[in-house]
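Structure, as structure tokens:
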Amino acid sequence: MSVIYPLVICGGNGTRLWPVSRKQSPKQFQRVGPANSLTFFQAAMQRHRVPAFGRPCVVSSIDHAGTVASQLAQIQCDAQVIHEPMGRNTGPAVLAAALQLLTQDPAALMLVVPADHVIEGDLNKTILDMAEAAKRGHIITFGITPRYAETGFGYITDGGTTDIPGLHIVDRFVEKPPKPEAQALVDSGTAYWASGLSMFAAATIVEEYRRFDPETVLAVEQALLRAVPVATGLVLEAESFGRATSAPTESMVFEKTERIALAPLNVSWSDVGSWTAMYGISPANADGNVLQGDVVAVDTNNSMVRSSDRLVTVVGMSDVIVIDTPDAVLVTRMGHDQNVKAVAEQLKAEKRPEVEKHTATAHAWGDFEQLIDKSCFNLSALNIKAGSSLEVDPMSAREAIVVKGNLHVSNAHMQTDVVEGGRILLDPHLRSKLTNRTDDPVEVMFLTIDPAGTARPDVPLARYA
């Protein structure tokens, strides 16, 4: 029996869910509900951890390597991870995973899973029912019966049944139609929302890609051949991968191949593309409110209020959305939050850090939280995991203060241990390596002073030793 390998693609920035979703910590890595809930990515990984599914594969940006590793560890999930040096849309990501899987299992079936959707229902039954069709060479796209005329989704129209029960012919694809056309598609009863899920044999998708874009296949093959293994996975070689056509699998293969087929899904599905959609999938209290975190709501109805780490109070409101993070607050009316993307675009144009990153971030080596960030002064807190290390670029007046544990500091010319309560001024000309050689986490305060304010004091913390 062929094994189905889930492929979870972690692309996209999800700016419509700002201020929680940001470029360096996008939607897929944010929790779906309260503080104890899984993230979108973790929920996608857990969905197919059942018999008949093999070791999952993850394709993600190298910028999110630490986050992926940390979130996989939290759910104790062993996955094969491929890091992209830059985003090239879903096509090259799927192709890289397929080529890699073929070296391990020539009969591999692949299930492409979006990392940032919410799905409830017996999804796996339909997938397993379609495994034989995938083995026969069909490329199967899964459709959702539309609930309303949504202009932001793609549609697949049904061209009739096949000799395989549950498998349909694809008549055509319609990408984000205007309202009248979307309504006509819904009224026809023969159209489905494109769910983003698809399944096929790894060999099939590579064969079809070779037919339609052999140059991209060659580029991705070279990127894999020259890939560099790191602690968190495999990093594709940038120059070769950059030559791959940046386009989704749908336009590169699905819309051209004769092997395409449709399988309707009987599940509850949402791409959670807005805060209003997030409210719609979250359990509400008797007043119709979704309250997450430390929130007090008085005389408030049909609203969503989400707090990250402090008390938020709402009085006398209805149909509002309030999203609080340590460095930004969003307040909007229910149904008006599609314009949140415009806010993020304006912040990006103004080069505001609030659109790029959170004050706290997770990395493979541990956690980083920015406490104070001024033009000439930066104070950050580092929590370095047992046995982990990171490298820091040289800059004048950078000092590490050990709050808890024992820190090993080294550069090209020296190495020393800094005990709890100790401090060390890092070399302003050499890259420093901070290592936790103990079995317990090490807490470090990291101070950068630049009196002239000529350089941003941000600490580069994405390198792995």
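The figures follow:
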| item | result |
| --- | --- |
| Amide H within-cut-off set for Val272, under 5 Å, with H built and near neighbours excluded | Val118 |
| Dipole moment magnitude, nearest 20 debye, the chain about Cα centre, only Lys, Arg, Asp, Glu C-beta charged | 360 debye |
| Estimated Rh, the stretch 324-424: Kirkwood, alpha-carbon pairs, angstrom | 16.8 Å |
| Cubic angstrom per residue, convex hull over Cα atoms of the stretch 185-280 | 180 Å³ |
| Rounded FRET efficiency, nearest 0.05, which uses the C-beta distance separating Gln104 from Val50 and R0 of 25 Å | 0.75 |
| Of all DSSP beta bridges in the chain, antiparallel share, percent nearest 5 | 65 percent |
| With 20 Å bins from 0: P(r) over the chain, alpha-carbon pairs, percent | 22, 52, 25, 2 |
| Lys176 accessible area, assembled protein chains, probe 1.4 Å, Å² | 120 Å² |
| Axial C-alpha extent at least 18 Å, average Kyte-Doolittle at least -1.0 - helices from the chain (DSSP) | 90-104 |
| Mean-position separation - Cα centroids, the stretch 80-153 and the stretch 335-370, in angstrom | 28 Å |
| Under the Debye formula (equal points on every Cα, no solvent term), log10 I(q)/I(0) of the stretch 63-108 at q = 0.17, 0.28 Å⁻¹ | -0.62, -1.03 |
| Ranked by how many other beta carbons lie within 10 Å on average, peptides 69-82, 254-267 from highest | 254-267, 69-82 |
| Among Ile205, Pro114, Val186 - extreme Cα towards positive end, dipole of the stretch 104-208, charges at beta-carbon | Val186 |
| Amide H contacts of Thr313 (H built 1.01 Å from N, under 5 Å, at least 5 apart or other chain) | Val296 |
| Separation in nanometres of the label points that stand 7 Å from Cα toward Cβ, at Lys135 and Asp440 | 5.5 nm |
| Cβ charges +1 (Lys, Arg) and -1 (Asp, Glu), total dipole of the stretch 93-166, debye | 140 debye |
| Stretchable slack from Arg352 to Ala73, in nm (0.36 nm times residue separation minus alpha-carbon distance) | 97.3 nm |
| Label point 7 Å beyond Cα of His336 along Cβ direction - residues of the stretch 12-29 with amide nitrogen under 18 Å | 16-19 |
| Accessible surface of the chain [probe 1.4 Å, protein heavy atoms]: carbon and sulfur percent | 51 percent |
| Members of Lys179/Lys256; Lys341/Lys374; Lys357/Lys433; Lys351/Lys433; Lys27/Lys348 lying beyond 19 Å, as alpha-carbon distances in this model show | Lys179/Lys256; Lys341/Lys374; Lys357/Lys433; Lys351/Lys433 |
| Residues whose placed amide H lies under 5 Å from that of Thr300, excluding near-sequence neighbours | Gly316, Met317 |
| The chain - accessible surface per residue (Å², probe 1.4 Å) | 45 Å² |
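The values are calculated or read from the model by the stated rules, or taken from the named source; none is laboratory data. Note that the structure is a prediction, hence the values are computed from the model and not measured. Virtual Cβ from ideal backbone geometry, glycine too; neighbours counted across all protein chains shown. Note: areas computed on protein heavy atoms with side chains; ligands, DNA, RNA excluded. Shrake-Rupley method; radii C 1.70, N 1.55, O 1.52, S 1.80 Å.
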